[in-house]
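The values are calculated or read from the model by the stated rules, or taken from the named source; none is laboratory data. Quantities reported herein were computed from a predicted structural model and do not represent experimental measurements. Heads up, the Cβs are rebuilt from the backbone with ideal geometry, glycines too, and the neighbour counts pull from every protein chain shown.
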Amino acid sequence: MLTILSMSVLVWLFMCWCLFRIQTTIRVRRIRFHRHINGRDASKCTLRVNRIISVGTHLSATKGKIPAVVTVRDQLPYMLQLEDGRNEAVVDYATQATSFQGRYRVLAAGTVNLPGIHLDFMDPQGLFLDSRSIPGKTSLRCLPEFESVSDARPSIKRINSLPQHGIHRLQRAGLGSELLELREYQPGDPPKSIAWKISARRNKLMTRQYESEVPVRINLLIDGSAAVRIGGYGNREIDQINYVAASIVRGAVSAGDLVGLLMCDGHRTARVRPSGGERGFYQSLEALSDFAASQVNAPAAFSTSLVNAAAAVCRRRYPELMNSSINKVPFTWLPVLPWNRSRWQVRVRLAGVLGYLYGLTPTTTTELFYDDAQMAGYAQRLLIEDGWPRIPPVVQITSSPDHASVAKSLAKALAESVARAHDNEVFVVLSSLMDQDDAMASLIAAAKVAMARHHRVVFVSSTPPLRKVSPAADMTPDPETDELEILRQAEALRIKRKARQMQRELRRTGACVTYAGDRRAVSIVLAEAELAGSGRTLTRSSR
Amino acid sequence: MMPNSSKGEASESAARGLFSRWFGATNRRDQCPSPNRLTLTVLAFYWSAIAVVVFQLSASLFVTEPAFALPLNAIVVALVVFTIWRWPGALILLGLQAYLLFFESAQRVDASAGNLAWIVGLALLLIVLVCRVRMLMERFEIRGIQGLYQAYQHSTESEIVARNKDLQLPNTLTNRTIQENGASDWEGKELAKGAQMILLSICGVGFAVAIALLGWWMVPLGPRAVTIRELRLTPNAVRAIQLAFLFAVPYLVVRVFIGEWLWRRISPAEAQVYLRSQFTSWIGPDTRFRVRTRARVLRKLESKKKRERSAQVDRSAQEN
């Protein structure tokens, strides 16, 4: 009797399984989803750093109902931090439509790729589980945050004093406020500009000609190497650089100056021509955003955690492709141990999905099974495209080898810009200057050339995200209890010393040095721009 | 009652932690919807139904063996519940099945079809109820015995709070009414779902029992199974083995049919990955040989370069 009982249970389970597979396969094709941000269609939105956005996901069935039981998960990239609300919903009972909403904070500038949604189907008894995904890709541009400097002066009137010896101003006729010269009246001149007293004295009509208000050109040289991209979103050095750069652009545009961008990542240099006005401002923000999103990868080191992370991403985004019945693992006798065997199977399945995603040939796909370096490269690419921050295991954090090449690129770009410059311009180098001990020489040489040609150079170094060094009383924590604190303090002291040394070296050239973490960094750069416009030395802003 | 002293609080929290570790209770109750009184009533109904079904099933199964009724009852029920509660426990069910094939006494075979259907129905009902209770408890993050106790306690406290609030409200529409009206939709659905599942399971039972009985009576129990009998198997075991072979045919047919149907419905991406995996399985050994040879050559070249560099350094040091 018990035999029949058990057999009946097995028959029943088999029937349930068949029904579940058939239902899942049919119904998943009928489910559609729509995502909206702040009540608008997600594909038409532009995000801004540090703003809170409301992301709503609406799920509906084109025919019939959404079957029960389904767990719907909208796994958004790490650039968006969930503040409030939900990013998943459980459909307990068959329904026509369901929706859920979450409030997210945008952490960093760049591109936010919103993937499709993940569905976990279960049968009503919860005995079987099938993971599916509905594909969809929406890319949103995320503009950097900026500060509106309150004391940005419009260039309508410069100070009436003579410039220093050797500093030349570009003088040409225009509609400024400074008097350039007097000339005879010509038909068509505005009657308002007639100098009546002088005309009476000379007995002929004379016209006042004003100096043109030549806007100052500010060139921002931005370091976008892999070293400044390491860290969690919002805590990277490139986030500081973007913030300062965007604030400088805002301040300069408000003052009527032009801003150009030169962005180096160690391999290539992108240039945005100097432009002003609101349009130029938004063009610059977009360029900064695109540059932050560009693929600059640090060398990847193969590790099991890297492969596991990539496999987890594939399981979430492409569960069908990781299915063992689709993505087959070739039979081998080795490895024999079960845990090594399961690791090998995960790697092979991951290689299959990577081969499909990046259009690799079967030979290259097979090489990924055995070649650790290649596998690490592709796994890193997948994780970065999925929106993972550049932290271990995605990148290997060592002493960054590309500092020298980035410094050389920046120096070259600075020299080229100086060669192209027309009049007194401001060059702002935004880079991670702390660790560039040996590579600083080329940058200093280029800065000297710029200063010799009466341009102004400002170095803005990114500040490592460290806490303040504790007071003397706390400097001797118990080593057994707080080793991490000792390491932190040692690192802070080391950076302080390096910063002092770097400042000393750069100030010898006559350039101005500040830090991205300094509140006055933007004001200092704008003050330098004002000086370049007036051609005078003005010690209003502290260096 | 909560102790006031800090020592008491500490000991209580420590005990709570230990209890949670043993019984799997969770502290994340604030992150999930808390069950209201009606939900807990449904849950209690399910638990009662499970108890009744277990009692009926055990009574039907072990009625003729009073000596072993209690321990066997407990073991079998624990195995069945464990099997359903944790899916990997299905292996235990299969083990039980294998054991019964060889050791079940022959007298059990004489049971009537109606009795069989009744027992199978009860067993499947038990499975359905346990699964549903498990899903409900997961939905409200109720873990273990302590979680269940806390949920009931929490519900009672919230009831008292709601009643006190009702007294302060001048309107006739009280908080409790609003709460229950809002929840009634959900509860109604839950009850409808439960009824639907029970009906479905009864239909499934009918079908499954019919198939099992058909198979069981189709295979004759006679002196024909000479070759297997030589292995000293009991007649029931012989018949079960024959039956297993017989069931394998429709199983394979259904399996192939579903496999073919699913294959025809796969997306182009899945087809690409499938073909790619087939190709890689063919060229795998060759590629492994090539990659490993290349790695070996690169390693040798690197070590050679390293040696040359160190030799050069030594030479320059000697010259200096």
Can you say whether A:L107 is under 28 Å from A:I391 (Cα atoms), among the aliphatic types (A, V, I, L, M) and at pLDDT below 90, as far as the supplied structure shows?
no
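One line per residue, one yes/no per condition, for (1) more than 25 Å from B:D286 (Cβ to Cβ); (2) within 11 Å of chain B (Cβ to nearest Cβ); (3) surrounded by 22 or more Cβ atoms within 10 Å (Cβ to Cβ); (4) β-branched (V, I, T):
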{"residue": "A:A312", "(1), (2), (3), (4)": "yes, no, no, no"}
{"residue": "A:S324", "(1), (2), (3), (4)": "no, yes, no, no"}
{"residue": "A:T332", "(1), (2), (3), (4)": "no, yes, no, yes"}
{"residue": "A:V336", "(1), (2), (3), (4)": "no, no, no, yes"}
{"residue": "A:R343", "(1), (2), (3), (4)": "no, no, no, no"}
{"residue": "A:V346", "(1), (2), (3), (4)": "no, no, no, yes"}
{"residue": "A:R349", "(1), (2), (3), (4)": "no, yes, yes, no"}
{"residue": "A:L357", "(1), (2), (3), (4)": "no, yes, no, no"}
{"residue": "A:T365", "(1), (2), (3), (4)": "no, yes, yes, yes"}
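Run down A:K204, A:K192, A:K197 and say which single residue is of a type in the set (D, E, K, R), in a loop (DSSP other than H, G, I, E, B) and surrounded by fewer than 21 Cβ atoms within 10 Å (Cβ to Cβ).
Numbers: A:K192 fails: in a loop (DSSP other than H, G, I, E, B); A:K197 fails: in a loop (DSSP other than H, G, I, E, B).
Testing whether each residue is of a type in the set (D, E, K, R), in a loop (DSSP other than H, G, I, E, B) and surrounded by fewer than 21 Cβ atoms within 10 Å (Cβ to Cβ) leaves just A:K204.
Yes/no per residue for (1) in contact (Cβ under 8 Å) with a residue 12 or more places away in the chain; (2) surrounded by fewer than 16 Cβ atoms within 10 Å (Cβ to Cβ); (3) among the acidic types (D, E):
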site	(1), (2), (3)
A:L13	yes, no, no
A:R21	yes, no, no
A:I26	no, yes, no
A:R35	yes, no, no
A:N38	yes, yes, no
A:T57	yes, no, no
A:K63	yes, yes, no
A:I66	yes, no, no
A:V69	yes, no, no
Output the number of residues of segment A:99-115 satisfying the condition of being surrounded by 18 or more Cβ atoms within 10 Å (Cβ to Cβ) and under 16 Å from A:H36 (Cα atoms).
7
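Could you list, in sequence order, the residues of segment A:245-274 that are part of a helix (DSSP H, G or I) and over 20 Å from A:L443 (Cα atoms)?
Restricting attention to segment A:245-274, the residues satisfying the condition of being part of a helix (DSSP H, G or I) are A:245-254.
The answer is A:A246, A:S247, A:I248, A:V249, A:R250, A:G251, A:A252, A:V253, A:S254.
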Considering each residue of segment A:117-145, count those that are over 22 Å from B:R139 (Cα atoms) and of a type outside the set (S, T, N, Q), and give that number.
10
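Yes/no matrix, rows are residues, columns are (1) free of Cβ contacts under 8 Å to residues at least 12 places away in the same chain; (2) part of a helix (DSSP H, G or I); (3) farther than 24 Å from A:I524 by Cα:
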residue	(1), (2), (3)
A:G352	no, yes, yes
A:G359	yes, no, yes
A:T363	yes, yes, yes
A:L368	no, yes, yes
A:G387	no, no, yes
A:A404	no, yes, yes
A:A407	no, yes, no
A:N424	no, no, no
A:F427	no, no, no
Here are some conditions: (1) more than 19 Å from B:D286 (Cβ to Cβ); (2) within 9 Å of another protein chain (Cβ to nearest Cβ); (3) among the acidic types (D, E). A:E385 meets all but one. Which one does it not meet?
(2)
Is there a residue in segment A:48-69 that is within 14 Å of chain B (Cβ to nearest Cβ) and of a type in the set (D, E, K, R)?
yes
Considering only segment A:495-502, I want to know if a residue exists there that is modelled with pLDDT of 85 or more and assigned to a strand (DSSP E or B).
no
